[in-house]
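Undergrad: Take this structure first; my questions come after.
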Amino acid sequence: MSVLEMPPRGVLGAAVAMRRAAADLLSYDLSALSGRESVQLLELIGPVAAQLESAAVTAAQVVRESGVWGRDGSQSAKAYLQRATGGSAAKVGSDLKLAERLANFLPLTAEALRAGEISGEHARVLSRLACSSPARIEMLADPVRGEGFLLSHAGLAVDPFKIVVSRWAHRVDPDAEDAKRRAAADDYHFDLAETMDGVHVRGFLTPEVGEALQTALTAVIGIPSTTDGRTPSRRRHDGLATLCQLALDGPGLGQSGGVRPQLVVHVDWRTLSGMPGMAGLDPAVLQESGSPIPRSVLDRIACDSEVTRVLFGPQSQALDVGRSQRTFTGPRRRALDARDGGCRAPGCNAPPRLCEGHHTTHWSRGGRTCPEEGCLLCWAHHAWVHERDITIIVLPDGGLRFEGPDGHWYGTTYLRQLTLIS
């Protein structure tokens, strides 16, 4: 006999009726609802979901205390409930911890959850943050500044409610925060792992490092234009590249062995001066990893980088190392900054400090390093121009027309109006 075929009786009968009611609800075409009707449906379902979560965590606690979990050879209630419910170890563990704290420390929260007055997420915030030290657990029983006080703010959305509870927890027991930070010191990390097609990033940052990174990214990304088709994730990726470029170009990192930190690419002259797609040439490679880079990336880097000539003899000995030269520096770069005033790509307002010099005729293809054949592009649009093989046509009136290889017109930009004061 299936669960839904069980005769309705007591608690299980109510659960069967609930399952049937859910099946009846889902028999309707919910996608046909109006926007307002959908909002009303969510308002009705929310309290029910909270009440069902209350029932689920209570039942999980009963399973643990009853010992029924050991009858099939399970080594713990957690393992038994994972198999019985199909839930993950993290979810089952969270349910058991919530049930224990609701029963022992959060009676008002348990009652509110059971009545559908707060969500399960609100209850979990209180369980995790308000029960995180003996001093905080003791304060929960205070009739003025305890559990009731925290629940009075449960009308907030989960994220601002979390801030309220976090600040309450800090005021009650500030030493616990320092202890938690010390205990978690080894959990914070930032790893870069090279893969076949890029670098995989994995990490867990302290709150202040995370906020510093977010603040810096926001500063360099700015407000995207309406024509910016990049996803937020791609904008953050490009913003991180800009931050790295600012750090490497600036003086703050110092020098090692007489050379400042920099991205180094090794490329044969025939590859650098060859046409895109030409077969039989060795690829350009990154010095540190040896990873080859596409031609579009090589062309972008060659636009505004130092180039050092190294001649090798037949036994690979260095015969001559020429002095490096940097394109679009000094007066030439100042001319671009003054003329363009920032990124010239359509819809972009990045200031000069976030831009690189770009050759409208690629330097590696014979382009001259002069303001007449250069323009400013931010890091993201510099990469975009090379990756998409965008042609930049300099118009007689100083405008720049951006065209794709298929003739698609991306836009035309003109010089910013300058006001000269004598």
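The values are calculated or read from the model by the stated rules, or taken from the named source; none is laboratory data. Model, not experiment: these values are computed from the prediction. Cβ placement follows ideal geometry from the backbone for every residue including glycine, while neighbour counts extend to all protein chains displayed. SASA here: full protein model, heavy atoms, side chains in, ligands and nucleic acids out. Shrake-Rupley method; radii C 1.70, N 1.55, O 1.52, S 1.80 Å.
Undergrad: For the range 47-100, what are the residues that are assigned to a helix (DSSP H, G or I), surrounded by fewer than 15 Cβ atoms within 10 Å (Cβ to Cβ) and more than 37 Å from the chain's Cα centre (by Cα)?
TA: Selection gives Val62, Glu65, Ser66, Val68, Gly70, Arg71, Asp72.
Residues checked against (1) more than 30 Å from Ala345 (Cβ to Cβ); (2) in contact with a Leu (Cβ under 8 Å, 6 or more places away or on another chain):
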residue	(1), (2)
Glu138	yes, no
Gly146	yes, yes
Gly155	yes, no
Phe161	yes, no
Leu192	no, no
Asp228	no, no
Pro232	no, no
Gln245	no, no
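Quick grid of which residues meet (1) within 30 Å of Leu102 (Cβ to Cβ); (2) among the polar types (S, T, N, Q); (3) part of a loop (DSSP other than H, G, I, E, B); (4) more than 28 Å from the chain's Cα centre (by Cα):
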{"site": "Ala135", "(1), (2), (3), (4)": "yes, no, no, yes"}
{"site": "Val144", "(1), (2), (3), (4)": "yes, no, yes, yes"}
{"site": "Leu156", "(1), (2), (3), (4)": "yes, no, yes, no"}
{"site": "Lys162", "(1), (2), (3), (4)": "yes, no, no, no"}
{"site": "Asp178", "(1), (2), (3), (4)": "yes, no, no, no"}
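Undergrad: Okay, next question. Taking the condition open to solvent by 40 Å² or more (accessible area, probe 1.4 Å) and polar (S, T, N, Q), does Ser133 pass?
TA: no
Undergrad: Now a separate question. Select from the range 184-198 the residues that are aliphatic (A, V, I, L, M) and open to solvent by 70 Å² or more (accessible area, probe 1.4 Å) and write down the one among them that is modelled with the highest pLDDT. Talk me through it step by step, then tell me what you get.
TA: We begin by selecting, within the range 184-198, every residue aliphatic (A, V, I, L, M); these are 184-185, 192-193, 196.
Those still in the list that are open to solvent by 70 Å² or more (accessible area, probe 1.4 Å) too: 192, 196.
On the way: Leu192: 84, Met196: 71.
Once the filter is applied, the top-ranked residue is Leu192.
Undergrad: Additional query: Pick from the range 180-203 the residues that are within 20 Å of Gly239 (Cβ to Cβ) and either assigned to a helix (DSSP H, G or I) or hydrophobic (A, V, I, L, M, F, W, C) (or both): which of them is nearest to the chain's Cα centre (by Cα)?
TA: By that ranking, first place goes to Val201.
Undergrad: Hey, can you tell me all the residues within the range 32-46 that are open to solvent by 70 Å² or more (accessible area, probe 1.4 Å), farther than 25 Å from Ala123 by Cα and not acidic (Asp, Glu)?
TA: Ala32, Arg36
Undergrad: Something else now. Looking only at residues in the range 383-422 that are in a loop (DSSP other than H, G, I, E, B) and among the β-branched types (Val, Ile, Thr), which one is modelled with the highest pLDDT?
TA: Ile390
Undergrad: Within the range 199-218, is even one residue among the small types (Gly, Ala, Ser) and open to solvent by 70 Å² or more (accessible area, probe 1.4 Å)?
TA: No, the range 199-218 contains no residue that is among the small types (Gly, Ala, Ser) and open to solvent by 70 Å² or more (accessible area, probe 1.4 Å).
Undergrad: Here's a follow-up. Would it be correct to say that Ser54 is among the small types (Gly, Ala, Ser), within 27 Å of Leu129 (Cα to Cα) and in contact with a Lys or Arg (Cβ under 6 Å, 6 or more places away or on another chain)?
TA: Answer is yes for this residue.
Undergrad: Between a first residue in the range 118-129 that is within 13 Å of Gly155 (Cβ to Cβ) and a second residue that is open to solvent by less than 10 Å² (accessible area, probe 1.4 Å) and at pLDDT below 90, which pairs have beta carbons less than 9 Å apart while being 6 or more apart in sequence or on different chains?
TA: Close Cβ pairs satisfying both conditions: Ile118/Ala50; Ser119/Ala50; His122/Ala50.
Undergrad: Those residues that are closer than 22 Å to Leu81 by Cα and charged (D, E, K, R), I need them from the range 92-146; list them, please.
TA: Asp95, Lys97, Glu100, Arg101, Arg114, Glu121, Arg124, Arg128
Undergrad: The conditions are (1) part of a helix (DSSP H, G or I); (2) surrounded by 21 or more Cβ atoms within 10 Å (Cβ to Cβ), and Ile118 fails exactly one of them. Which is it?
TA: The single condition Ile118 does not satisfy is (1).
Undergrad: Quick one: count up the residues across the range 347-360 that are assigned to a loop (DSSP other than H, G, I, E, B) and either under 25 Å from the mean Cα position of the chain (by Cα) or under 14 Å from Ile223 (Cα atoms) (or both).
TA: Initially, the range 347-360 is screened for residues assigned to a loop (DSSP other than H, G, I, E, B), giving 347-351, 360.
Within this subset, residues satisfying the condition of being either under 25 Å from the mean Cα position of the chain (by Cα) or under 14 Å from Ile223 (Cα atoms) (or both) are 347-351.
Adding up the residues that qualify gives 5.
Undergrad: Something else about it: For the subset of the range 317-346 comprising residues that are exposed (fewer than 10 other Cβ atoms within 10 Å of the Cβ) and assigned to a loop (DSSP other than H, G, I, E, B), which member is modelled with the lowest pLDDT?
TA: Result: Arg323.
Undergrad: Under the condition of being hydroxyl-bearing (Ser, Thr, Tyr) and free of Cβ contacts under 8 Å to residues at least 24 places away in the same chain, which residue from the range 53-79 is nearest to Ala112 (Cα to Cα)?
TA: Restricting to residues being hydroxyl-bearing (Ser, Thr, Tyr) and free of Cβ contacts under 8 Å to residues at least 24 places away in the same chain, the top hit is Ser66.
Undergrad: Answer yes or no as to whether Asp249 is acidic (Asp, Glu), surrounded by 12 or more Cβ atoms within 10 Å (Cβ to Cβ) and at pLDDT below 75.
TA: Criteria met by Asp249.
Undergrad: Taking Asp228 and the conditions (1) more than 30 Å from Val48 (Cα to Cα); (2) open to solvent by 60 Å² or more (accessible area, probe 1.4 Å); (3) over 15 Å from the mean Cα position of the chain (by Cα), which numbered condition does it fall short on, given that it satisfies the others?
TA: (2)
Undergrad: Based on this model, can you work out whether Thr412 counts as touching an Asp or Glu at 6+ places or on another chain (Cβ under 9 Å), surrounded by 13 or more Cβ atoms within 10 Å (Cβ to Cβ) and of a type in the set (S, T, N, Q)? Steps first, please.
TA: Details: touching an Asp or Glu at 6+ places or on another chain (Cβ under 9 Å): no; surrounded by 13 or more Cβ atoms within 10 Å (Cβ to Cβ): yes; of a type in the set (S, T, N, Q): yes.
So Thr412 does not fit the description; no.
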